[in-house]
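For reference, the structure discussed in these notes is given below.
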Amino acid sequence: MDIAIETALLRRARDGSDEAFSRLVGAHQQAIRAFLRRLAPNPADADDLAQEAFVTAWSRLARLRDGISFRTFVCSIAYRKALNDRRRFNRASARDTAWHDLTPQTQTSTADARLSVQAALQTLPIDVRAAVSLCVAGDYSHSEAAEILALPLGTIKSHIQKGRDKLNALLGVSS
Amino acid sequence: MSDDALKALLVADEPAPPAHDFAFMVEVMDKVARRKLAEGVITLVLGVVAVTALLYFVMPYITPAITRLAAPLLPAVGILAALAVIAFTWEQMRPALRQYGLKV
């Protein structure tokens, strides 16, 4: 979306225009949902989180600073929601499947196993996965990713390098 | 080569959601409308509670003055109330009158 159009829509949305806000949602829903689908357990959960992120963005439009795009703003909200969702999910899983720890787990050899892309992504810590999703799978700049994930630029670069190395190894992509 | 191959793998594995998804937009705007309604109700309830609390403390002091002034002010209050009703009705009717071509 053109920056001038987005700025005008944001101004109108801040003034209470639902029509302007819905156009912003329409323009950015694909990017936000694609990002969340790599963080959430399944696409339906990702879409729910995306909807919640847009609603939160609507209520916090006044806090959107100049120089930050709407997409970056919503992505940062979406990332925090995904983190909270994951913590809830982990707590619930820990309660429900405590018995699972008693079962011996086989460690797959990363050298031989060709995991599916989704399974390979799931092996990355969520912040590394988010950085890879934004900057490798998506078209976000490193500084945008730093803003979204609230991490220093150097950490983002290191996360992307680590993520790339691990995914290349797991998926058998030659370096 | 590896970066492009990795990007291609990531993109191919998780097909992007549709660029235009009207249903998604409608669901988001529905949730926004619900949030707006909830915020409006909370604001109204808090306002009513605040005004009620204020009146609870203030009324014992102003009731004697109101009682004293009630009789002389009754005609003026009646006229003001009638004017308010007329003004409110006029404002409500204006859109309908415009639809019939009346320039109001």
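For every residue, the table says whether it meets (1) within 26 Å of A:A27 (Cα to Cα); (2) surrounded by 15 or more Cβ atoms within 10 Å (Cβ to Cβ); (3) at pLDDT 95 or above.
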residue: B:F22; (1), (2), (3): yes, no, no
residue: B:V28; (1), (2), (3): yes, yes, yes
residue: B:V48; (1), (2), (3): no, no, yes
residue: B:V51; (1), (2), (3): no, no, yes
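When A:A78 is tested against (1) modelled with pLDDT under 95; (2) out of contact with any Lys or Arg (no Cβ under 6 Å at 6 or more places or on another chain), only condition (1) is not met. For B:A33, indicate whether it is more than 9 Å from every other protein chain (Cβ to nearest Cβ) and among the hydrophobic types (A, V, I, L, M, F, W, C). So B:A33 does not fit the description; no.
Might you let me know whether the stretch B:71-92 holds any residue that is closer than 30 Å to A:A13 by Cβ and loosely packed, with under 10 Cβ neighbours inside 10 Å? Yes; the residues of the stretch B:71-92 include at least one that is closer than 30 Å to A:A13 by Cβ and loosely packed, with under 10 Cβ neighbours inside 10 Å. All of A:A50, A:A34 fail the test of being under 19 Å from A:D139 (Cα atoms), crowded, with 22+ Cβ neighbours inside 10 Å, facing chain B (nearest Cβ under 9 Å) and not polar (S, T, N, Q), apart from A:A50.
Residues in the stretch A:139-175 that are surrounded by fewer than 20 Cβ atoms within 10 Å (Cβ to Cβ) and assigned to a loop (DSSP other than H, G, I, E, B): A:D139, A:S141, A:A150, A:L151, A:P152, A:G172, A:V173, A:S174, A:S175. Of the residues making up the stretch A:53-73, those that are surrounded by fewer than 17 Cβ atoms within 10 Å (Cβ to Cβ) and part of a loop (DSSP other than H, G, I, E, B) number 5.
Residues that are touching a Ser or Thr at 6+ places or on another chain (Cβ under 9 Å), within 14 Å of another protein chain (Cβ to nearest Cβ) and modelled with pLDDT of 85 or more: does the stretch A:99-116 have at least one? No, the stretch A:99-116 contains no residue that is touching a Ser or Thr at 6+ places or on another chain (Cβ under 9 Å), within 14 Å of another protein chain (Cβ to nearest Cβ) and modelled with pLDDT of 85 or more.
The values are calculated or read from the model by the stated rules, or taken from the named source; none is laboratory data. What you are looking at is a predicted structure, and each value in this text was computed from that prediction instead of being measured. Ideal geometry is used to build each Cβ from the backbone, glycine not excepted, and the neighbour counts take in all protein chains shown.
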